[in-house]
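Q: What follows is a structure written as structure tokens; I'll ask about it next.
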Amino acid sequence: MFKPTILVAFFALQAFCDTNFTTINLPDEHMQYYFRNFPELAQHCSNEENCKYKNQLNSSKCWGYEFDCKWEDQYSIPHCPGDHKGWVSSKFAQKSTFHTQADFGYIKQQLGEMKVLCEPLFATDSSLECSDHLRFCRGRNIMMNFSKLASREDPIRYKMDVLGEGDIGGYCELHKNVLDEQADHISPLQSWGPEVRFFSRLNQRPIREGLCDVVVEEPTFIVKIDATVNMYHHFCDFLNLYASLHLNSTHPSTFSTDVRVLVWESFTYRSAFSDTWQAFTDHPLWDLKTVAGRTVCFRNVVLPLLPRMIFGLYYNTPIIYGCEKSGLFDAFSKHILHRLQVPLHPRTAKKIVITFLSRNTKYRKILNEDELVATLENNSNYEVRRVVYDKNIPFKKQLEITRNSDVFIGIHGAGLTHLLFLPEWAVLFELYNCEDSNCYFDLARLKGVKYLTWEDDTKLERFEEGGYEGGAHAKFANYVFDKEEFLRIVEKAVQYVRNHTQFEKLVDRVLKAPSHEEF
């Protein structure tokens, strides 16, 4: 049985009486889960006259990874309307499997796997602990020697030789046999095995004995990222980083943005989605150029979950048949929207808001797009907007458009990752999946968003321009869609939205508005 360890407290302890409640900066609905895990802080809030969270105290609600969390009290219960037969022995087993695969149960599983790899004797010693296969690690007073990077000429990305023998270690009792057993997933984005396998026991306390050129006092997350140019892949990074905050939840400051982020490559970070880092850190990003040529010691360091882990979160998640709506994905969505201050607009009309995502790329263009959009605009019950999510629309504005959509339409492409930020009553209509049927269907299941796609291939035309060396793949063609079939599926989406309980509540507020408002 797993025994909780207190060897690695991620943040230096502080007096609870010094806590500024306004700096916690979580969505209000998340506060009851936060306070439940930090009762001392909850007590301080109850005694503080100006604490605005008093109604969030004394709750039994829990995220779902706490070892005393009751099933009925967790953040969300998986919704499994599909048949469990042939998959597991019972309906509860079906829900439990989904919870472990793709929800906060995954965090609980990682917590249960945590193993002490380097054990301290005193508070000033180093320490290191990791989950199985070195998928997640955290340590204190850790030394990393980046001296050899100063003379390295090749660019570093997805490399497994950044650290070598003697380049990483700490003053603690190293359980080398355990470390060697766990270093079995040696791949750039699957684990921290390529780096942690070289961990060694130092003969001196690195910080106290002055072995470091630089000592990083702030807690530091070292991240190995997937592909910054693609929203689908990059948000796998962000989702796993958010999950790692929960996995590392040992102190009230666990969600603090006063942390450092070191990107494990030498390329200067650039991405259209860079605003998302504001949800995690107040500081500029570092990369390996920042530390090259120096021995750096970290007071507190976290090696978070990675985007390409075997049976990991998001990208390689096995999802049991018949289940949907991960609380972890829902909490991530709300956390990002809250931290980036993306507004949910009040409705002044009961029209269905339809967002049509257009593409300005060579392939997967909708050749009769004007006709389809015009047909939607002819319906007075719809509010239609056509958008191109490119550099001309700041990312936060993109999120704002998405968050205030009821039906989101687009052909297969990374822009459909915006489904993560749709309201719970919304529908994603992937106009055509281009023979990649599971990608956004599974992501929609994880978020709990209704998913629809084209149903009759005889009612679309495919046009290939030629010249594509990879052959005639569906992703490298352009399309014309039957207008009547398009409208039929849109109406199917609209009916789902109208019948959703949360949308009905939204409409009720509109109907109760002053009579001079137009509907």
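The values are calculated or read from the model by the stated rules, or taken from the named source; none is laboratory data. Every value quoted in this text rests on a predicted model; they were computed, and no experiment measured them. Every residue, glycine as well, gets a Cβ built from its backbone with ideal geometry; the counts of neighbours run over all protein chains shown. For accessibility, only protein heavy atoms count, side chains too; no ligands or nucleic acids. Shrake-Rupley method; radii C 1.70, N 1.55, O 1.52, S 1.80 Å.
Q: Scan region 346-371 for residues that are hydroxyl-bearing (Ser, Thr, Tyr) and in contact with a strand residue (DSSP E or B) (Cβ under 7 Å, 6 or more places away or on another chain) and jot them down. Steps first, please.
A: Filtering region 346-371 down to residues hydroxyl-bearing (Ser, Thr, Tyr) leaves 348, 355, 358, 361, 363.
Selection gives Thr355, Ser358, Tyr363.
Q: Return the residue satisfying two criteria in turn: it lies in region 265-287 and is outside any loop (DSSP other than H, G, I, E, B) and among the polar types (S, T, N, Q), and of such residues it is nearest to the chain's Cα centre (by Cα).
A: Thr276
Q: In region 318-362, how many residues are of a type in the set (Phe, Trp, Tyr) and over 16 Å from Leu428 (Cβ atoms)? Reasoning before the result, please.
A: The initial filter retains those residues of region 318-362 that are of a type in the set (Phe, Trp, Tyr), namely 321, 329, 332, 356.
Checking the rest, the ones that are also over 16 Å from Leu428 (Cβ atoms) come to 321, 332.
The number of residues fulfilling the criteria is 2.
Q: Out of curiosity, is Tyr321 in a loop (DSSP other than H, G, I, E, B), touching a strand residue (DSSP E or B) at 6+ places or on another chain (Cβ under 7 Å) and surrounded by fewer than 20 Cβ atoms within 10 Å (Cβ to Cβ)?
A: Values: in a loop (DSSP other than H, G, I, E, B): yes; touching a strand residue (DSSP E or B) at 6+ places or on another chain (Cβ under 7 Å): no; surrounded by fewer than 20 Cβ atoms within 10 Å (Cβ to Cβ): yes.
No; evaluated as a whole, the condition is false for this residue.
Q: Ile207 - would you say it is part of a strand (DSSP E or B), touching a strand residue (DSSP E or B) at 6+ places or on another chain (Cβ under 9 Å) and modelled with pLDDT of 95 or more?
A: Values: part of a strand (DSSP E or B): no; touching a strand residue (DSSP E or B) at 6+ places or on another chain (Cβ under 9 Å): yes; modelled with pLDDT of 95 or more: yes.
No, not satisfied.
Q: Kindly evaluate Lys85 against the criterion of being touching a residue at least 40 places away in the same chain (Cβ under 8 Å) and open to solvent by 60 Å² or more (accessible area, probe 1.4 Å). Let's see the steps before the verdict.
A: Working: touching a residue at least 40 places away in the same chain (Cβ under 8 Å): no; open to solvent by 60 Å² or more (accessible area, probe 1.4 Å): yes.
Considered against the rule, which asks whether it is touching a residue at least 40 places away in the same chain (Cβ under 8 Å) and open to solvent by 60 Å² or more (accessible area, probe 1.4 Å), Lys85 comes out as no.
Q: For Thr290, are the conditions met, namely being part of a helix (DSSP H, G or I), surrounded by fewer than 20 Cβ atoms within 10 Å (Cβ to Cβ) and over 18 Å from the mean Cα position of the chain (by Cα)? Walk me through it before giving the result.
A: On the way: part of a helix (DSSP H, G or I): yes; surrounded by fewer than 20 Cβ atoms within 10 Å (Cβ to Cβ): yes; over 18 Å from the mean Cα position of the chain (by Cα): yes.
Spelling it out, Thr290 is indeed part of a helix (DSSP H, G or I), surrounded by fewer than 20 Cβ atoms within 10 Å (Cβ to Cβ) and over 18 Å from the mean Cα position of the chain (by Cα).
Q: Can you spot a residue in region 2-23 that is modelled with pLDDT of 90 or more, open to solvent by 20 Å² or more (accessible area, probe 1.4 Å) and closer than 28 Å to Ile336 by Cα? Walk me through it before giving the result.
A: Here is the first cut: in region 2-23, the residues modelled with pLDDT of 90 or more are none.
The answer is no; no qualifying residue exists.
Q: With respect to Ser60, is the statement that it is modelled with pLDDT of 90 or more and either in contact with a helix residue (DSSP H, G or I) (Cβ under 8 Å, 6 or more places away or on another chain) or within 24 Å of Ala243 (Cα to Cα) (or both) true? Before the answer, list the steps.
A: Numbers: modelled with pLDDT of 90 or more: yes; either in contact with a helix residue (DSSP H, G or I) (Cβ under 8 Å, 6 or more places away or on another chain) or within 24 Å of Ala243 (Cα to Cα) (or both): yes.
Spelling it out, Ser60 is indeed modelled with pLDDT of 90 or more and either in contact with a helix residue (DSSP H, G or I) (Cβ under 8 Å, 6 or more places away or on another chain) or within 24 Å of Ala243 (Cα to Cα) (or both).
Q: Quick one: would you say Arg152 is closer than 26 Å to Thr228 by Cα, more than 20 Å from the chain's Cα centre (by Cα) and open to solvent by 60 Å² or more (accessible area, probe 1.4 Å)?
A: Details: closer than 26 Å to Thr228 by Cα: yes; more than 20 Å from the chain's Cα centre (by Cα): yes; open to solvent by 60 Å² or more (accessible area, probe 1.4 Å): no.
It is false that Arg152 is closer than 26 Å to Thr228 by Cα, more than 20 Å from the chain's Cα centre (by Cα) and open to solvent by 60 Å² or more (accessible area, probe 1.4 Å).
Q: Separate question: In region 212-222, what residues are of a type in the set (Val, Ile, Thr) and open to solvent by 10 Å² or more (accessible area, probe 1.4 Å)? Before you say what the answer is, go through the steps one by one.
A: In the first step, residues of region 212-222 are kept if they are of a type in the set (Val, Ile, Thr); the result is 214-216, 220, 222.
Listed by number, the residues that qualify are Val214, Val215.
Q: Out of the residues in region 384-437 that are among the small types (Gly, Ala, Ser) and under 22 Å from Phe481 (Cα atoms), state the one that is surrounded by the fewest Cβ atoms within 10 Å (Cβ to Cβ).
A: To start, the set of residues in region 384-437 that are among the small types (Gly, Ala, Ser) comprises 405, 410, 413-415, 426, 437.
Cutting the leftovers down to under 22 Å from Phe481 (Cα atoms) gives us 410, 413-415, 437.
On the way: Gly410: 24, Gly413: 21, Ala414: 17, Gly415: 22, Ser437: 12.
Per the criteria, the residue is Ser437.
Q: Now, a different point. Which residues, taken from region 69-90, are modelled with pLDDT under 95 and among the charged types (D, E, K, R)?
A: Hits for region 69-90 are Asp83, Lys85.
Q: Being closer than 20 Å to Ala426 by Cα and open to solvent by 30 Å² or more (accessible area, probe 1.4 Å) is the filter here, so list the residues in region 363-383 that pass it.
A: Once the filter is applied, which keeps residues that are closer than 20 Å to Ala426 by Cα and open to solvent by 30 Å² or more (accessible area, probe 1.4 Å), region 363-383 yields Glu377, Asn379, Ser380, Asn381, Glu383.
Q: I would also like to ask the following. Within region 427-462, restricting attention to residues that are without any contact (Cβ under 8 Å) to a residue 12 or more places away in the chain and not in a loop (DSSP other than H, G, I, E, B), which residue is farthest from His473 (Cα to Cα)?
A: Thr458
Q: Then there is this: Considering only region 177-193, I want to know if a residue exists there that is out of contact with any strand residue (DSSP E or B) (no Cβ under 9 Å at 6 or more places or on another chain), open to solvent by 40 Å² or more (accessible area, probe 1.4 Å) and touching a residue at least 40 places away in the same chain (Cβ under 8 Å).
A: Yes, there is a match, as at least one residue in region 177-193 is out of contact with any strand residue (DSSP E or B) (no Cβ under 9 Å at 6 or more places or on another chain), open to solvent by 40 Å² or more (accessible area, probe 1.4 Å) and touching a residue at least 40 places away in the same chain (Cβ under 8 Å).
Q: Given the conditions (1) open to solvent by 10 Å² or more (accessible area, probe 1.4 Å); (2) more than 27 Å from Arg445 (Cα to Cα); (3) free of Cβ contacts under 8 Å to residues at least 60 places away in the same chain, and given that Asn316 satisfies all but one, which numbered condition is not satisfied?
A: (2)
Q: Go through region 230-278 and give me each residue that's surrounded by fewer than 18 Cβ atoms within 10 Å (Cβ to Cβ) and of a type in the set (Lys, Arg).
A: Arg270
Q: Oh, and also: Determine which member of the set Arg138, Arg157 is out of contact with any Cys (no Cβ under 7 Å at 6 or more places or on another chain) and within 19 Å of Asn300 (Cβ to Cβ).
A: On the way: Arg157 fails: within 19 Å of Asn300 (Cβ to Cβ).
Result: Arg138 is the single residue among Arg138, Arg157 that is out of contact with any Cys (no Cβ under 7 Å at 6 or more places or on another chain) and within 19 Å of Asn300 (Cβ to Cβ).
Q: Give Glu485, Glu469, Glu517 a once-over and let me know the one that is modelled with pLDDT under 95 and either open to solvent by 60 Å² or more (accessible area, probe 1.4 Å) or not in a loop (DSSP other than H, G, I, E, B) (or both).
A: Values: Glu485 fails: modelled with pLDDT under 95; Glu517 fails: either open to solvent by 60 Å² or more (accessible area, probe 1.4 Å) or not in a loop (DSSP other than H, G, I, E, B) (or both).
Unique residue meeting the criteria: Glu469.
Q: So which residues in region 125-148 are farther than 12 Å from Gly170 by Cα and either among the basic types (Lys, Arg) or open to solvent by 10 Å² or more (accessible area, probe 1.4 Å) (or both)?
A: Asp132, His133, Arg135, Arg138, Ser147, Lys148
Q: Additional query: Evaluate the following for Leu285: is it touching a helix residue (DSSP H, G or I) at 6+ places or on another chain (Cβ under 7 Å) and either among the polar types (S, T, N, Q) or open to solvent by less than 30 Å² (accessible area, probe 1.4 Å) (or both)?
A: Details: touching a helix residue (DSSP H, G or I) at 6+ places or on another chain (Cβ under 7 Å): yes; either among the polar types (S, T, N, Q) or open to solvent by less than 30 Å² (accessible area, probe 1.4 Å) (or both): no.
For Leu285, the condition - touching a helix residue (DSSP H, G or I) at 6+ places or on another chain (Cβ under 7 Å) and either among the polar types (S, T, N, Q) or open to solvent by less than 30 Å² (accessible area, probe 1.4 Å) (or both) - is not met.
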